[in-house]
Amino acid sequence: MNPKDFVAQQTEEIRNTVGNNTALVALSGGVDSSAVAALAHKAIGDQLLALFIDDGLMREGEGEMVAAAFAELGISVEVIDRAADFFATLAGITDPEEKRQAFRDTFYNTLGTAVRDSGASFLLQGTIAADVIETQRGVKTQHNILEQIGLDPGTYGLQILEPLRELFKPEVRQVAAELGLPEAISQRMPFPGPGLATRVVGEVTPQRVATVRAATVIVEEELSDLQPFQGFAVLLNDRATGLDEAGGRAFGQIIAVRSVESEDAMTASVTELHWDRLRRLQERICTEVSGVTKVLYDLTPKPPSTIEYI
Ligand code: XMP
């Protein structure tokens, strides 16, 4: 794939398909949806509405980062806060695929409403090749493969465009760079659609998400010079006895740190971290994230594990 040719071909195709209509793209802060948004803006300019649905499951400062990066490119992003809706549908759910289903239902209801309100006829999605393959294999239902999960886009009154569906992540990064997106986005680690809901084992509550979000900031900071394929924190659904600040017994939270190297997310090896770095991760997470009494480092490659915990 030549990024220049790809951009030229796809902008032409998007322009021809959308015609005089309008299209909507939901940004997540990840490289896939960002590349699609930049591509579509290049193709159809102000006929594109870029939306950021704040689902309450994003990393720290994600919405602000995205809006600022796109403002630099002259693309305005509308942010809508729907965190309460997402937490309401996720309440009480602990099964991984039920979580994805709940997320997906709320996501598409929110998006469907936004599309109807905007009058857009097309929805652009950042589906990439790995999403398609994993969903076909039945490993996971990725929320963005509509037809394969039996969702009829017509129900939502729109047509779907997936210009990146043939590309793997490294190629998407090249396309993003070609489109002028900053490295903070083009080199950003993959982050799943259901966000921090995939990094909380057990029930997803605002408080549990806040815990994993705070630990994620630390993991990203401490691993930033290594630039792993993905490095993140996970809140486990178990507890461990430790000591609280006053030296008393605390039956606290357990954070697992995971860092993996991969080309395309289909297989992954574990990042070999030095002891000093592991110790720093443990010290910072236990000190800075309230209620955490234990930090673990995950040694399992993919396969047999998947990259995410749910
Ligand atoms: P797994 O965990 O299947 O992850 O090894 C492979 C890649 O996919 C991401 N991932 C998801 N992306 N919705 C998404 O959009 C999901 O439900 C989902 N689950 C996993 C994961 O972060 C990794 O990059």
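Bear in mind these aren't lab numbers, they're just calculated from the coordinates by the rules spelled out. Fair warning: this is a prediction, and the values are worked out from it, not measured in the lab. In this analysis, Cβ positions are derived from the backbone assuming ideal geometry, glycine residues included, and neighbour counts consider all displayed protein chains.
What GluC sites (Glu not before Pro) does the stretch 215-247 have in DSSP loop regions with at most 14 other beta carbons within 10 Å? Before the final figure, lay out each step's value.
Details: sites: E220, E221, E222, E245; in loops: E245.
Counting only loop positions with at most 14 other Cβ atoms within 10 Å, the GluC sites (Glu not before Pro) in the stretch 215-247 are E245.
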Starting from one equal scatterer on each C-alpha and no solvent at all, send me the Debye-based log10 I(q)/I(0) for the stretch 3-186 at q = 0.15, 0.19 Å⁻¹, two decimals.
-0.89, -1.48
Among the lysines, which have Cα under 28 Å from the Cα of K42 when same-chain residues fewer than 8 positions away are ignored?
K4, K169
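How large is the dipole of the stretch 200-297 about the Cα centre if only Lys and Arg carry +1 and Asp and Glu carry -1, each at its Cβ, rounded to the nearest 20 debye? Present the calculation step by step, with values, prior to reporting the outcome.
Working: 10 positive and 15 negative charges, 92 e Å.
My answer is approximately 440 debye.
Quick one: length gained pulling L278 to L73 fully straight, 0.36 nm per residue minus the C-alpha distance? Write out the running numbers ahead of the final one.
Working: separation 205, 0.36 × 205 = 73.80 nm, distance 3.81 nm.
Fully extending the segment from L278 to L73 adds 70.0 nm.
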Could you state the angle between the C-alpha long axis of helix 96-118 and the longest principal axis of the C-alpha atoms of the chain, as a value from 0 to 90 degrees rounded to the nearest 10?
40
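Find how much the distance from T287 to D46 grows on full extension, using 0.36 nm per residue of separation minus their present alpha carbon separation; answer in nm with one decimal. Show your work: numbers first, answer last.
Working: separation 241, 0.36 × 241 = 86.76 nm, distance 4.71 nm.
Extending this stretch completely gives an extra 82.1 nm.
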Compute the angle between helix 31-44 and the longest alpha-carbon principal axis of the chain, please, reported from 0 to 90 degrees and rounded to the nearest 10.
20
Tell me which of S186, F70, V270 sits at the most positive position along the dipole axis of the chain, charges placed on C-beta atoms (Lys, Arg +1; Asp, Glu -1).
V270
About the Cα centre, charge dipole magnitude for the chain (Lys/Arg +1, Asp/Glu -1 at Cβ), debye
480
Rounded to the nearest 10 degrees, what's the angle between the helix 3-18 long axis and the longest principal axis of the chain, both from Cα atoms, 0 to 90?
60
Mind checking which of V257, A233, G247 is farthest towards the positive end of the stretch 200-297's charge dipole, using Cβ charges of +1 (Lys, Arg) and -1 (Asp, Glu) about the Cα centre?
G247
Once both labels are modelled 7 Å past Cα along the beta-carbon direction, what's the S118-F251 spacing in nm?
4.7
What residue among A233, A102, A40 shows peak mean-square fluctuation when the chain is described by a Gaussian network model with Cα springs under 10 Å?
A102
How many percent of DSSP beta bridges within the chain run antiparallel, rounded to 5?
40
Have a look at D117, D105, D32 and tell me which one the Gaussian network model of the chain (Cα, springs below 10 Å) gives the largest fluctuation.
D117
Which residues does the label zone of K302 cover in the stretch 118-133, counting backbone N under 15 Å from a point 7 Å along Cα→Cβ?
128-133
Hey, could you pull the Cα Rg and Dmax for the chain, both in Å?
19.7, 67
Give the relative contact order (percent, whole number) for the stretch 51-145; include only Cα pairs under 8 Å separated by 6+ residues.
23
Leaving out same-chain residues fewer than 8 places away, which lysines sit with a Cα under 28 Å from that of K294?
K99, K302
